[in-house]
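Heads up: the structure comes next, in structure tokens.
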Amino acid sequence: MKHINLLYIGSLLLCTIAGTAAAQTPDTLLLAAEAHPKVRMAWQHYEAARAALGGAGILPDPKLGMGYFIQPIETRVGPQRLRFSLSQAFPWPGTLREQQRQASAQAELAWFVYRDRLARQQEAISLVWQQWLAARALLQLRQDELGLLQLAERTLLSQYGSGIQPLTAV
């Protein structure tokens, strides 16, 4: 799983960020981190908590009912054929305020979880980016060393061919 994650980050970096270390701006870090599924999931949780915040702390919907009796029911005021009812539930005092506070706390928690996952992902991307830059610099260094060794070999061979250097110098 870790290899897949690193492969995902590496391919994302190579596709979205080209160039040197100067290309690693906060915008590209944010773009790469927000493309990660865990970060997107945390953002969706935050959006859901924010949406639930609007409905918390309000009275429940009133209930309207209607009943029709096929056979009239006799009551003391006469036969009853049709019945309408309207009811509204009122919660205990302080319950609505507590629901609002709890929904607000849930939204705040979801925001902090999102920011944490985003920061962790940016840190992981930065680490992979730095490792890639170090490997690239090391590769460049090795190529320069190889070029110098090839130049020294050509120089010594030409000096040996002209008789300036003995065979043991080559």
*Compute the Cα gyration tensor for region 39-85, then decide on rounded, prolate or oblate, letting a ≥ b ≥ c be the square roots of its eigenvalues: rounded whenever a/c is under 1.5, prolate when a/b is larger than b/c in the other cases, and oblate in all that remain.*
prolate
*asked:* At 1.4 Å probe size, with the rest of the protein present, what percent of the exposed accessible area of region 70-170 is carbon and sulfur atoms?
replied: 59 percent
*Return the Cα extents of region 93-152 along principal axes one, two and three, sorted largest first, each rounded to a whole Å.*
90, 6, 5
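The values are calculated or read from the model by the stated rules, or taken from the named source; none is laboratory data. These numbers were taken from a predicted model, which means no experiment stands behind them. These area figures cover heavy atoms from the full protein model, side chains too; ligands, DNA and RNA do not enter into them. Shrake-Rupley method; radii C 1.70, N 1.55, O 1.52, S 1.80 Å.
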